[in-house]
Amino acid sequence: MKKFFLSLALTAVAGSAAFAQTDEYKKGEVYVGFSHQQVDTGITPDDDFSEVVGRREPFNGFQVSGVYNISRYVGIKGDISGAYNNTRFSFTLPPSDRVAFDTNNSLYNFLGGVQFKDNASDARVKPFAHVLAGAGHGRVKVKNVDCNPVAVCTGLQGTTSETGFAGAFGGGVDVKLNNRVDLRLIQVDYNPIRFDGATSHNFRFGIGFVFK
């Protein structure tokens, strides 16, 4: 009987210790930061449309994510980002038609997946990686159209948008500032988005703060 109670006591102590260990890592976090994206638009303001190749344009905006840690090293992550760009296009179509217009561009990501990170409460430097998938939404508004002859630009002005499959594969490094806040020194993601039957090969960079 003594052995039974001794075993029961040891089991209770071990169980308490195991439960206490879960308090040694952060159960969740929220990231808010600045996002810079290099977006594969396929064109640049100096392109002749007969020579369109994959080109990237800078977009700037925001990123917000939330993580619920199911263990010290693995968390379930949701991620939203938005980035924006205004560009002036001007080019000539054969034989001598001139076309110019402005575009207001936006790109959004709505993603979810898994994050891998050591969330120990006493960790000072915290590298992380994540694998995310979901949807990307792009929108282009064409305005201030200037063409010679005018007929060349018939129907050009307006807004178009598209939604397609998206992913983000990358990671970064967080540095502990205090028990409640980390500084995200850098985040780098490869961010492919499938639009109109083709893949846009984008890259996303971030910096900001992690609240726990």
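If we scan region 139-151, do we find a residue that is of a type outside the set (Lys, Arg), buried (at least 17 other Cβ atoms within 10 Å of the Cβ) and closer than 24 Å to Arg184 by Cβ?
no
For the condition modelled with pLDDT of 95 or more, under 14 Å from Gly33 (Cα atoms) and more than 12 Å from the chain's Cα centre (by Cα), what is the one hit in Phe205, Phe209?
Numbers: Phe205 fails: more than 12 Å from the chain's Cα centre (by Cα).
Exactly one residue qualifies, and that residue is Phe209.
Could you list, in sequence order, the residues of region 123-160 that are closer than 30 Å to Glu24 by Cα and either without any contact (Cβ under 8 Å) to a residue 24 or more places away in the chain or part of a strand (DSSP E or B) (or both)? Please lay out each step first, then the result.
Looking only at region 123-160, we keep the residues that are closer than 30 Å to Glu24 by Cα, and these are 123-133.
Hits for region 123-160 are Val125, Lys126, Pro127, Phe128, Ala129, His130, Val131, Leu132, Ala133.
In this structure, is Ala123 more than 29 Å from Gly158 (Cβ to Cβ) and exposed (fewer than 14 other Cβ atoms within 10 Å of the Cβ)? Don't jump to the end; show me each part of the working.
Working: more than 29 Å from Gly158 (Cβ to Cβ): yes; exposed (fewer than 14 other Cβ atoms within 10 Å of the Cβ): no.
Judged against the criteria, Ala123 is not a match.
The values are calculated or read from the model by the stated rules, or taken from the named source; none is laboratory data. These figures come from a predicted structure and were not determined experimentally. Cβ atoms come from the backbone with ideal geometry, glycine included; neighbour counts cover every protein chain shown.
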